[in-house]
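The block underneath contains the structure these notes are about, expressed in structure tokens.
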Amino acid sequence: MGMKTIIVVGNGMVGYKFCEKFAAREESKHFKLIVFGEEPRAAYDRVHLSEFFENRDAKALEMAPLEWYADNDIELIVNERVTDIHRSKKTITTASEKEFIYDYLVLATGSAPFVPPIQGVEKKGVFVYRTIEDLEAMLSYAEEIKKSKPDGKAAILGGGLLGLEAGKAVMDMGLEPHVVEFAPKLMPRQLDARSSNVLQLTLESIGISIHTGKATNSIMGNGAITGMDFGEDDKLDVDMLVISAGIRPRDELGKTCNLEMGVRGGIVVNDKMQTSDPTIFAIGEVALYNQMIYGLVAPGYEMAEVAVNQILEQSDVVMKSEIDMSTKLKLIGVDVASFGIPYMPAEKGLSIIYENKTKGIYKRINVSHDGKTLLGGIMVGDAEDYSILHQMYLNNMPLPDNAEELIVGSRGEGGSAFGNAMDLPDTAVICSCEAVTKGDVCCSVLDNGNETIKDVAKATKATTGCGGCKPMVTDLIKESLKTLGKTVKERLCEHFDYSRQELFDLAKLKGITDYDTLLDEVGSGNGCEVCKPAVAAIFASLYNETANKQETIQDSNDRYLANIQRNGTYSVVPRVAGGEITPKQLMAIGRIAQKYDLYTKITGGQRIDMFGAKLHELPMIWEELIAEGFETGQAYGKSLRTVKSCVGSTWCRYGMDESVSFAIEIEHRYKGIRSPHKFKGGVSGCIRECAEARGKDFGFIAVEGGWNVYLGGNGGATPKHALLLAEKVDKETAIKYVDRFIMFYIKTAQPLQRTAPWLEKLEGGITYLQNVVINDSLGIVDELDAEMQALVDSYVCEWKEAVETPEIRARYTHFVNSEETDNNIEFVSLREQKMPKEWA
Amino acid sequence: MIANLDTYESVSLAEVKVWYKAAPISKFPKNGGACIKYKDKQISVFNFTREGTWYACQNLCPHKMEMVLSRGMIGEENMEAKVACPLHKNTFSLKTGENLNGSLDAIATYPVKIESDFVYVGFSE
């Protein structure tokens, strides 16, 4: 009998998926699998191609490393185009004239970008958007343009899914993007006119110009593109053009060996993915199924699954006749989703539409005439409900009586309009990229003991495609665990089976003061880099010990009381309370920075940062700073950082009160306090808010008759404004409230949780916090006040401590057996100062 | 001098030709790491005081090629001793050198012995 040979022509996403699914089958060991790829690299994620611009890491986009193919006995030959199929002999020939025999042939050659026959399209500066090589060519052309024209423009021909992605790519390259679309709306297959308008408004607000209803007559320029001509004096000046106006199947092989072809291209396949030759299969964008080419990855993966089964003689696994073309994507920060029939004439059904142009939101659902069935929908700007609506549509679930609640939210008391993910039937496909059902996910938890998203993803592959199903999978895991009587517990790590709050209380109750004892009494094992810093922070909050005491459980920065920089040198930040500094102090910092050849910069916290200090230099630098009257700014700690101030009534003609004095007082009050995550304050002398106090964990704004107190603001990746706690209170009261807020946060937050997410998760939110802190609803304010005062009274400058204690100073040495220093550190110059040599 | 990963190759106990007397135990922090110099190598030495064991590995983190591993937090994962690089928290087994939470190249490990309160690290040359 011998081994049969399967040759796969094409190593794109669908070609790869065939290999992956095939290799996972027991029977695959009876087959030899050879794969030919035309591109110079192994299969990569073309769907997320735009990520290449963010990190220029082609390897990160790989579907699987080369070793995977070898490990699974798959012979992968890249950079080799297959040129002919000889059906009678059952062989193929390649561009280098080699010949290979097959028993089964799988054509997964995908498609090529369609280039419309516009005059001038062959000029320099015109690109297509499909392969990593295309992107690299675009990148270097863009760099050339930017050298002479820093405000260069690029046009994208085509405002569909791919065109808008290319628009973002162009923006990331530093060129001004202009999307040119022939149809009167964007994403014409997924959106209706109104949602296209909403999307257009949002895209224009982030700097992407949109031109719809434009037919390009010619591309202008002498050798290289300078613009596009739309006829009748309508022109657009651009320096580069990216064409993403559709795809055409790479069906040449089918044509030359006389397989049945579609009238407009594509290789015809039946529901078994067979072409007109039963030993040749076609899957992905090259396959014409039910008169359609499916340009989405999920149907392509389903086709791969069918082909694998057919070859393994599981003849009952066939392609469905109705292919789901639903999509959800995040375009440049805007959610866009479309499912079922996105738009239709009135005879088919009626629509419920919610449009809010002020927020850039558009939601539409199409409902059957009897009001019972969901036919389809569109979402722009807020697609949170996409998963559940998509499931309702796929599973023909009955609509609630007030169907509008599905997009407007229930206006009655309590309860969501949808029920939850557990209400779905077990056959509901939760993850369409990998065809994982609700039953699969729940089984994975209930029967196979997987309890985390990571383990369920490993076992079922759910969430490993586009990731859109993650919220739903997380819910299913949580609910399934609940049915087993297991609640999802927030525990620190494998060494402590407690939440941070529980551990905080336990340590306090038992009076435990060192890490090893805590491990022995309430933990297990020997600890790790997750629990050590968390416990270090707990001890700091309980006993106000400095980071010098238990230095080896401290996080990277606290360990040496300095922010480690990317080359192993450190930064030095003395405290400059309230941002106020004297000329004498400025000159002292300047002298010290010059002496040690440090790079200096003013920080957002209104103080000065000095970079490039080697480990052994830190105690010397700090000794000089302390001699000049400075103390540690603790810029390295999960602690109070700074209290920002505006000039206030001392100098400013609008100031209502002394914001600088107040800020200085507060910064000195809270300095040294360590917390679950860093926290920052702000004090503004009037409502113009020049200190941006409402972007801070706590903020004070001077008003007529007192101060307003705000809590829970954060900057960072998810900025949040602080919420008003109290109005027009006097200074002492304002301080008291913030004292209590800080202590309450320290005792109850999760590790590395900032005040904004903490407040968001707090049951009852700001109202509850007001009750606790102002009205003493929990009866704990005396305790909180006392704890805060104890911290304030026991403040110690940890750098002074380090400088004055020989055994702490002795830690600051690169080698313990030599006076030499690290010779691996290299600096290069930057604008009259220096910086670390760039990473390779 | 730019650090080179080739400088570092794991040495097993059987391969030790030189036991280098690095420094007295007192120079090493408890439950933490310190760095020693041996010829052209920078070696991190870790004192797992709680378990009573010592480990050594290259000081060079293969992620961004910086000499910082000795400054990382030590710990264990599934009973295997590890160190987390202070820069990006890539963790490495101190038994096998394998990158536990990623797919970076493994680091080189070296044997350690304690004699008369001195720390010795074993090298092949």
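The values are calculated or read from the model by the stated rules, or taken from the named source; none is laboratory data. Because the structure is predicted, anything quoted here is derived from the model rather than measured. Note that each Cβ is placed from the backbone with ideal geometry, even for glycine, and that neighbours are counted across all protein chains shown.
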*In the range A:291-312, which residues are more than 20 Å from A:Glu27 (Cβ to Cβ) and more than 28 Å from the chain's Cα centre (by Cα)?*
A:Gln291, A:Met292, A:Ile293
*Within the range A:764-776, can one find any residue that is hydroxyl-bearing (Ser, Thr, Tyr), under 25 Å from A:Asp555 (Cα atoms) and under 37 Å from the mean Cα position of the chain (by Cα)?*
no
*Single residue of the range B:87-125 satisfying the filter (within 9 Å of chain A (Cβ to nearest Cβ), part of a loop (DSSP other than H, G, I, E, B) and in contact with an Asp or Glu (Cβ under 8 Å, 6 or more places away or on another chain)) that is farthest from A:Ser556 (Cα to Cα)*: B:Lys89
*Mind telling me which of the residues A:Phe611, A:Phe630 ends up being touching a residue at least 40 places away in the same chain (Cβ under 8 Å), closer than 15 Å to A:Gly579 by Cα and among the aromatic types (Phe, Trp, Tyr)?*
A:Phe630
*In the range B:32-43, is there at least one residue being within 18 Å of A:Val530 (Cβ to Cβ) and within 7 Å of chain A (Cβ to nearest Cβ)?*
yes
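Residue by residue, here is whether (1) over 30 Å from A:Val9 (Cα atoms); (2) touching a helix residue (DSSP H, G or I) at 6+ places or on another chain (Cβ under 8 Å); (3) crowded, with 23+ Cβ neighbours inside 10 Å holds:
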| residue | (1), (2), (3) |
| --- | --- |
| A:Ser218 | yes, no, no |
| A:Gly231 | yes, no, no |
| A:Asp234 | yes, no, no |
| A:Thr256 | no, no, no |
| A:Gly265 | no, no, no |
| A:Pro278 | no, no, no |
| A:Gly284 | no, yes, yes |
| A:Asn290 | no, no, no |
*asked:* Filter the range B:72-84 down to the residues that are surrounded by 24 or more Cβ atoms within 10 Å (Cβ to Cβ) and within 7 Å of chain A (Cβ to nearest Cβ) and list them by number.
replied: B:Met73, B:Gly75, B:Ala84
*Only one residue in A:Leu33, A:Leu49 is within 30 Å of A:Gly333 (Cβ to Cβ) and surrounded by 16 or more Cβ atoms within 10 Å (Cβ to Cβ), so which one is that?*
A:Leu49
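Residues in the range B:1-19 that are surrounded by fewer than 18 Cβ atoms within 10 Å (Cβ to Cβ) and either touching a Cys at 6+ places or on another chain (Cβ under 9 Å) or not aliphatic (A, V, I, L, M) (or both): how many?
Matching residues across the range B:1-19 total 9.
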*Given the conditions (1) within 14 Å of chain B (Cβ to nearest Cβ); (2) hydroxyl-bearing (Ser, Thr, Tyr); (3) free of Cβ contacts under 8 Å to residues at least 60 places away in the same chain, and given that A:Tyr812 satisfies all but one, which numbered condition is not satisfied?*
(3)
*Residues in the range B:46-65 that are more than 8 Å from chain A (Cβ to nearest Cβ) and outside any strand (DSSP E or B): how many?*
5
_Looking at the range B:1-19, I want the residues that are within 13 Å of chain A (Cβ to nearest Cβ) and have a partner that is at pLDDT below 90 with Cβ atoms under 9 Å, at least 6 apart or on another chain. Which pairs are those?_
B:Met1/A:Asn823; B:Met1/A:Asn824; B:Met1/A:Glu826; B:Ile2/A:Asn824; B:Ile2/A:Glu826; B:Ile2/A:Lys837; B:Ala3/A:Asn824
*State the number of residues belonging to the range A:816-840 that are under 21 Å from A:Lys601 (Cα atoms) and at the interface with chain B (Cβ under 7 Å from one of its Cβ atoms).*
0
*What helices (runs of 4 or more DSSP H), lying completely within the range A:496-568, carry at least 1 residues that are under 24 Å from B:Glu77 (Cα atoms), away from every other protein chain (no Cβ under 13 Å) and touching a Leu at 6+ places or on another chain (Cβ under 8 Å)?*
A:500-510, A:515-522, A:531-543
*asked:* Please determine whether any residue of the range A:638-645 is in the same structural domain as A:Pro719 (by TED's automatic domain parsing) and surrounded by fewer than 17 Cβ atoms within 10 Å (Cβ to Cβ).
replied: no
*Out of the residues in the range A:737-775 that are among the aliphatic types (A, V, I, L, M), in contact with a strand residue (DSSP E or B) (Cβ under 9 Å, 6 or more places away or on another chain) and part of a helix (DSSP H, G or I), state the one that is farthest from A:Gly715 (Cα to Cα).*
A:Val773
_Filter pass, A:Phe22 being among the aromatic types (Phe, Trp, Tyr), assigned to a strand (DSSP E or B) and more than 30 Å from A:Lys168 (Cβ to Cβ)_ = no
*Quick check: anything in the range A:711-726 modelled with pLDDT of 95 or more, part of a strand (DSSP E or B) and surrounded by 24 or more Cβ atoms within 10 Å (Cβ to Cβ)?*
yes
*Name the pairs whose Cβ atoms lie under 7 Å apart, with the first residue in the range A:767-795 and touching a residue at least 60 places away in the same chain (Cβ under 8 Å) and buried (at least 16 other Cβ atoms within 10 Å of the Cβ), the second among the aliphatic types (A, V, I, L, M) and assigned to a loop (DSSP other than H, G, I, E, B), and 6 or more positions between them or separate chains?*
A:Leu791/A:Ile673
*Go through the range A:169-184 and count every residue that is buried (at least 20 other Cβ atoms within 10 Å of the Cβ) and either of a type in the set (S, T, N, Q) or in contact with a Ser or Thr (Cβ under 9 Å, 6 or more places away or on another chain) (or both).*
6
*If A:Glu39 satisfies every condition in (1) in a loop (DSSP other than H, G, I, E, B); (2) surrounded by 13 or more Cβ atoms within 10 Å (Cβ to Cβ); (3) more than 31 Å from the chain's Cα centre (by Cα) but one, which is the exception?*
(3)
_I'd like to verify a number: residues in the range A:459-478 that are modelled with pLDDT of 80 or more and more than 17 Å from A:Ala383 (Cβ to Cβ), how many?_
7
*Does the range A:556-565 contain any residue that is of a type in the set (Lys, Arg), at negative phi and in contact with a Lys or Arg (Cβ under 8 Å, 6 or more places away or on another chain)?*
yes
*Given (1) surrounded by fewer than 20 Cβ atoms within 10 Å (Cβ to Cβ); (2) in contact with a Lys or Arg (Cβ under 7 Å, 6 or more places away or on another chain), where does B:Tyr38 come up short, assuming only one miss?*
(2)
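For the condition surrounded by fewer than 19 Cβ atoms within 10 Å (Cβ to Cβ) and within 24 Å of B:His63 (Cα to Cα), what is the one hit in B:Leu87, B:Leu94, B:Leu104?
Of the residues listed, the single one that is surrounded by fewer than 19 Cβ atoms within 10 Å (Cβ to Cβ) and within 24 Å of B:His63 (Cα to Cα) is B:Leu104.
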*Tabulated pairs, the range A:146-164, first farther than 12 Å from A:Pro177 by Cβ, second hydroxyl-bearing (Ser, Thr, Tyr), C-beta under 6 angstrom, 6+ apart or interchain*: A:Gly158/A:Ser244; A:Leu162/A:Ser244
*Number of positions in the range A:352-370 that are touching a strand residue (DSSP E or B) at 6+ places or on another chain (Cβ under 9 Å) and either touching a residue at least 40 places away in the same chain (Cβ under 8 Å) or more than 17 Å from A:His390 (Cα to Cα) (or both)*: 12
